[in-house]
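No lab work stands behind these numbers, since they all come straight from the coordinates. On a predicted model such as this, the values are computed, not experimentally measured, just so you know. Note that each Cβ is placed from the backbone with ideal geometry, even for glycine, and that neighbours are counted across all protein chains shown.
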Amino acid sequence: MRFFEAPRIHAERKESSKVRKPLTDLPLATHDLPQTALNSKHVVRAVRLTKAYGDLTVLKGVDLEVERGEVVAIVGASGAGKSTLLHLLGTLDRPDSGQVCIAGEQVSDLPKTRLDAFRNRSIGFVFQAHHLLAEFSALENVMIPGLIAARPETQVRERAKALLGQLGLFARLDHKPGQLSGGEQQRVAVARALLNEPDVILADEPSGNLDSDHSRELHQLFFKLREQFGQTFVIVTHNPDLAAMADRKLVMVDGRMAP
Ligand SMILES: Nc1ncnc2c1ncn2[C@@H]1O[C@H](COP(=O)(O)OP(=O)(O)OP(=O)(O)O)[C@@H](O)[C@H]1O
Ligand SMILES: [Mg+2]
């Protein structure tokens with residue numbers, strides 16, 4: 001079984017065209033993104049982000065650019081602002097100043113209603129507390145982003161099954177989260193993050209509560225997804241092995257990216 005449909009930009013390539021266009025010039029089939037998104041090689045672009053909680057300034061002007069297909073690790077001491085940054089990139093919170101651009105979309109310009117839809121389509125989250133819904137099966141949990149995006153249920157179900165199968169969970173489709181191991185739950189969360197073919201996956205200590213074998217498996221999975229599908233990742237981690245595997249390792253120190 002194929003993992004999932006080839007990336008849209010490949011699928012949409014015009015065969016009749018003599019000159020092969022750069023992939024970034026081609027239209028996306030399912031994302032409603034402006035042309036700027038397609039011309040930008042940066043999937044993530046954050047410019048001079050600041051964020052304070054009361055008197056505590058947590059982000060003091062963070063810049064970040066991540067190219068399509070890149071795996072970037074962010075490390076740093078506890079309290080340095082890593083999760084706060086990821087929340088801003090994930091449009092779960094707004095910066096006090098600065099800009100966040102995801103796939104060319106300036107997210108601060110989006111009204112709340114469009115922002116929710118944009119987030120659901122464009123951003124996949126793999127957080128340590130994976131927020132699987134306890135009442136729903138593994139399969140149903142993975143399907144949720146597709147159903148929210150109002151995609152046809154049969155198509156969403158097939159894709160969710162294919163993803164779970166690819167992640168070694170085909171025999172666990174009907175298990176509720178409480179009937180899965182920690183590593184299995186984390187893989188369900190990864191499948192859910194992938195369902196809508198997001199532009200970027202944001203992972204916050206994704207292997208934080210896994211043993212070393214399961215951590216290694218999860219890390220290898222990220223790189224396999226990058227190799228096969230060009231998936232872009234921004235991963236906050238305290239795991240030195242994972243940070244060393246990344247294309248780039250950025251260090252946050254007290255609300256800033258270390259030079
Ligand atoms: N909602 C909030 N209200 C007040 N302070 C907050 C809030 N969220 C985070 N902080 C503070 O901001 C600082 C940065 O938090 P953040 O969660 O970004 O750190 P982190 O780098 O992810 O740390 P860790 O490695 O421990 O997860 C911390 O000192 C934290 O106490
Ligand atoms: Mg954190």
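By counting other Cβ atoms within 10 Å of each Cβ, how are 64, 194 ranked from fewest to most? Don't jump to the answer; show the numbers that get you there.
Working: 64 19, 194 24.
Placing the least packed residue first, the sequence is 64, 194.
Using unit Cβ charges (K, R positive; D, E negative) and no other charged atoms, how large, in debye to the nearest 20, is the dipole of segment 8-257 about its Cα centre?
Around 640 debye, computed over segment 8-257.
Kindly state, as a whole number, the per residue volume in cubic angstrom of the convex hull around the alpha carbon atoms of segment 46-94.
On the way: hull volume 3.9 nm³, N = 49.
It is 80 Å³ per residue.
Mind checking segment 71-166 for GluC sites (Glu not before Pro) that DSSP puts in a loop (not H, G, I, E or B) and that have at most 10 other Cβ atoms within 10 Å?
135
Taking a ≥ b ≥ c as the square roots of the Cα gyration tensor eigenvalues, with a/c under 1.5 meaning rounded and otherwise prolate when a/b beats b/c, else oblate, which class fits segment 62-127?
Because a/c hits 1.5 or more and a/b exceeds b/c, segment 62-127 counts as prolate.
Over all alpha-carbon pairs of segment 8-257, lay out the pair-distance distribution in 10 Å bins, whole %, shortest bin first.
7, 30, 36, 22, 4, 0
Determine, for segment 8-257, the count of lysine pairs separated by eight or more sequence positions (or lying on different chains) whose alpha-carbon distance falls under 27 Å.
Going through segment 8-257 pair by pair, I get 24.
For a quick check: with amide H placed at 1.01 Å from N, whose amide H comes under 5 Å from residue 203's, ignoring anything fewer than 5 positions away on the same chain?
When sequence neighbours closer than 5 places are left aside, the close amide H contacts are 126, 234, 235, 236.
Step through the residues of segment 254-259 one at a time and calculate ³J(HN,Hα) from phi using the Karplus curve (6.51 cos²θ - 1.76 cosθ + 1.60, θ = phi - 60°), rounding each to whole Hz and writing x for Gly and Pro.
In residue order, the calculated couplings are 6, x, 9, 7, 5, x Hz.
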